[in-house]
1. When the residues of region 33-49 are filtered to those that are assigned to a helix (DSSP H, G or I) and basic (K, R), which remaining residue is nearest to L17 (Cα to Cα)?
2. Of everything in region 58-69 that's outside any loop (DSSP other than H, G, I, E, B) and in contact (Cβ under 8 Å) with a residue 24 or more places away in the chain, which residue is surrounded by the most Cβ atoms within 10 Å (Cβ to Cβ)?
3. Identify, from the list R81, R87, R77, the residue that is at pLDDT 95 or above, open to solvent by 80 Å² or more (accessible area, probe 1.4 Å) and either in contact with a strand residue (DSSP E or B) (Cβ under 7 Å, 6 or more places away or on another chain) or among the charged types (D, E, K, R) (or both).
4. Residues of region 29-52 being open to solvent by 20 Å² or more (accessible area, probe 1.4 Å) and within 16 Å of T7 (Cβ to Cβ), which ones?
5. Could you identify the single residue in L14, L52 that is of a type outside the set (V, I, T) and either in contact with a Gly (Cβ under 8 Å, 6 or more places away or on another chain) or in a helix (DSSP H, G or I) (or both)?
Amino acid sequence: MEKSIFTQQYRVLLDLLRERRRGAGVTQVELAKRLRRTQSFVSKAERGEIRLDVVQLRTICLAIGTTLGEFIAEFERRISRPKRRPRPDSA
C-alpha cells in the first residue's frame with residue numbers, strides 16, 4: 001500500500017472534495033468558518049498538502065451538506081471505473 005498522498009486515488013478524492021464544495025456553493029472561506037479552521041487549512045487540504053483523516057473528511061462533508069457515506073460511494077464509483085485504453089491507429 002502506498003503511503004504517499006500523491007496517488008491517483010488521492011487525487012480523485014481531492015478533486016471530488018473540491019467539486020462537492022463548489023457544487024454546494026460554498027467558498028473556501030465559508031467552509032473554513034463552518035469548520036472553525038483557517039482558509040489556509042481548507043486550501044492545503046484541497047491541494048493535498050495535508051492528508052485528511054476520516055474524521056476530518058466526515059466533518060468537511062457534513063459542513064458542505066453531504067454525508068461521508070454519500071461522498072465515499074461517489075469516490076468508489078470514480079476509482080472503480082475501468083481505465084480507457086488508447087485505440088490502436090486504424091491507418
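The values are calculated or read from the model by the stated rules, or taken from the named source; none is laboratory data. Bear in mind the structure is a predicted one, so any value in this text is a computation, not a measurement. Using ideal geometry, Cβ is built from the backbone for each residue, glycine included, and neighbour counts are taken over all protein chains shown. Surface accessibility is based on the protein's heavy atoms, side chains included, excluding ligands, DNA and RNA. Shrake-Rupley method; radii C 1.70, N 1.55, O 1.52, S 1.80 Å.
1. Start the filter on region 33-49 by keeping residues that are assigned to a helix (DSSP H, G or I), which leaves 33-35, 39-47.
With basic (K, R) added as a condition, the list becomes 33-34, 44, 47.
Details: K33: 17, R34: 15, K44: 12, R47: 10 Å.
Out of the qualifying residues, it is R47.
2. So in region 58-69, the residues outside any loop (DSSP other than H, G, I, E, B) come out as 58-63, 68-69.
Among the residues that remain, those that are also in contact (Cβ under 8 Å) with a residue 24 or more places away in the chain are: 59-61, 63.
Values: T59: 16, I60: 23, C61: 19, A63: 20.
Looking at the filtered set, the residue picked out is I60.
3. Values: R81 fails: at pLDDT 95 or above; R87 fails: at pLDDT 95 or above.
Of the residues listed, the single one that is at pLDDT 95 or above, open to solvent by 80 Å² or more (accessible area, probe 1.4 Å) and either in contact with a strand residue (DSSP E or B) (Cβ under 7 Å, 6 or more places away or on another chain) or among the charged types (D, E, K, R) (or both) is R77.
4. Of everything in region 29-52, those that are open to solvent by 20 Å² or more (accessible area, probe 1.4 Å) and within 16 Å of T7 (Cβ to Cβ) turn out to be R47, E49, I50, R51, L52.
5. Numbers: L52 fails: either in contact with a Gly (Cβ under 8 Å, 6 or more places away or on another chain) or in a helix (DSSP H, G or I) (or both).
Residue meeting the stated conditions: L14.
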